[in-house]
Amino acid sequence: MNRARLPVLAGLAFVAACSDLTVQPAVNRITTPIANPSFRADIEPILAETCASANACHSGPNAQKGQRLDPGFAYASLVNVASAFDSSLMRVKPAAPDSSFFYLVMSEDPATRRGYYRMPVTERAMPAAVQQTIRNWIVNGAPNN
């Protein structure tokens, strides 16, 4: 056998062996609401996969409305920061999800969103369990944990 082909064949064997692995993104991993979510373990992965993934609106130095939701930047960009769309609201107001623009715009209901686009815009709506987990995080004071 040609030695140059061995690495390719080994790689194919590895892919075939791993083809039955199931990788569940954070939004699919949460099937029931988490009562006391951690920002780093539960909330930040959701943001990284939906709002700050490759080519998403809220990643990198040119993030829309200056709202970076990629890991390491998300918390400071969300909590106690005035919304760029509605300065009467914080993006996330600790303990007050119904006064948190970030939470309101995830709703399917246009009246709840106050006429703004549903977020994430290009993705399907966040599952109800994920929305409730985010709500619980805000209700619990939006801790940076």
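Scanning the stretch 20-50 for residues that are assigned to a loop (DSSP other than H, G, I, E, B), open to solvent by 90 Å² or more (accessible area, probe 1.4 Å) and at pLDDT below 90 returns Asp20, Leu21, Thr22, Val23, Gln24.
Free of Cβ contacts under 8 Å to residues at least 40 places away in the same chain, part of a helix (DSSP H, G or I) and closer than 23 Å to Gly141 by Cβ: which single residue out of Ser77, Ser87 fits that description? It is Ser77.
Out of the residues in the stretch 58-88 that are of a type in the set (A, V, I, L, M, F, W, C) and either buried (at least 20 other Cβ atoms within 10 Å of the Cβ) or in contact with a Leu (Cβ under 6 Å, 6 or more places away or on another chain) (or both), which is modelled with the lowest pLDDT?
Going through the qualifying residues, I end up with Leu69.
Taken over the stretch 78-106, the residue count meeting the criterion of being closer than 19 Å to Pro61 by Cα and under 13 Å from the mean Cα position of the chain (by Cα) is 1. In the condition set (1) in a loop (DSSP other than H, G, I, E, B); (2) within 25 Å of Arg29 (Cα to Cα), Asn62 is compliant with all but (2). For the structure I just gave you, tell me whether Val121 is open to solvent by 70 Å² or more (accessible area, probe 1.4 Å) and at pLDDT below 90. Spelling it out, Val121 is indeed open to solvent by 70 Å² or more (accessible area, probe 1.4 Å) and at pLDDT below 90. Would you check if there is a residue in the stretch 122-137 being among the polar types (S, T, N, Q), out of contact with any Lys or Arg (no Cβ under 8 Å at 6 or more places or on another chain) and assigned to a loop (DSSP other than H, G, I, E, B)? Looking through the stretch 122-137, at least one residue is among the polar types (S, T, N, Q), out of contact with any Lys or Arg (no Cβ under 8 Å at 6 or more places or on another chain) and assigned to a loop (DSSP other than H, G, I, E, B).
Remark: pairs (first residue in the stretch 123-136, hydrophobic (A, V, I, L, M, F, W, C); second residue open to solvent by 30 Å² or more (accessible area, probe 1.4 Å) and part of a loop (DSSP other than H, G, I, E, B); Cβ separation under 6 Å; 6+ apart in sequence or on different chains) = Ala125/Glu108; Ala129/Thr31; Ala129/Thr32; Ala129/Pro33. Taken over the stretch 91-118, the criterion of being within 15 Å of Gln67 (Cβ to Cβ), in a loop (DSSP other than H, G, I, E, B), open to solvent by less than 60 Å² (accessible area, probe 1.4 Å) and out of contact with any helix residue (DSSP H, G or I) (no Cβ under 7 Å at 6 or more places or on another chain) is satisfied by Val105 alone.
The values are calculated or read from the model by the stated rules, or taken from the named source; none is laboratory data. All figures in this text were calculated on a predicted structure; none of them were measured in a lab. Neighbour counts run over all protein chains shown; Cβ positions are idealised from the backbone, glycine included. We work out accessible area using only protein heavy atoms, side chains counted, and drop any ligands, DNA or RNA first. Shrake-Rupley method; radii C 1.70, N 1.55, O 1.52, S 1.80 Å.
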